[in-house]
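Single-structure report; data block below.
The values are calculated or read from the model by the stated rules, or taken from the named source; none is laboratory data. This is a predicted model, so every value here is computed, not measured. Note that each Cβ is placed from the backbone with ideal geometry, even for glycine, and that neighbours are counted across all protein chains shown. Accessible surface areas use protein heavy atoms only, side chains included; no ligands, DNA or RNA. Shrake-Rupley method; radii C 1.70, N 1.55, O 1.52, S 1.80 Å.
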Amino acid sequence: MRVLIIGGGIAGTAAALALHQAGFEPTVYEAHPDNGEDLGAFLTLASNGMRALGQIGAAARGR
Ligand SMILES: Cc1cc2nc3c(=O)[nH]c(=O)nc-3n(C[C@H](O)[C@H](O)[C@H](O)COP(=O)(O)OP(=O)(O)OC[C@H]3O[C@@H](n4cnc5c(N)ncnc54)[C@H](O)[C@@H]3O)c2cc1C
């Protein structure tokens, strides 16, 4: 089943990963034209948020 997700922030991206792992075909539509690396300072995630990301394989440190 195809799923459209509007917004590629942490919520939309995490939803897409989880839905993909559950066998769905998510497509994320993001209005911002690039990665937004220059926006904001940081995103704080509590331990429950990190556990949720761990369940979808997204808790490892990036570059
Ligand atoms: C000024 C500011 C400072 C903050 N500072 C902190 C902080 O220091 N620490 C912290 O933990 N949190 C902070 N936050 C909160 C944090 O940014 C949010 O809790 C978090 O980003 C929410 O994630 P989200 O995926 O729900 O939404 P967002 O990150 O807002 O993602 C939503 C995405 O949807 C896209 N979008 C919206 N409408 C459309 C559309 N019609 N079509 C396509 N794409 C669309 C947007 O471009 C955006 O990329 C801050 C927020 C703000 C505004």
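Some points to look at:
- Candidates are the residues of the range 14-27 that are under 12 Å from the mean Cα position of the chain (by Cα) and open to solvent by 60 Å² or more (accessible area, probe 1.4 Å); the one that is farthest from residue 55 (Cα to Cα) is 20.
- Filter result (exposed (fewer than 10 other Cβ atoms within 10 Å of the Cβ) and under 18 Å from residue 12 (Cβ atoms)) within the range 34-53: 34, 35, 37, 39, 40, 43
- Each residue in the range 8-35 was checked for being outside any strand (DSSP E or B) and either within 20 Å of residue 59 (Cα to Cα) or in contact with a His (Cβ under 8 Å, 6 or more places away or on another chain) (or both), and 16 pass.
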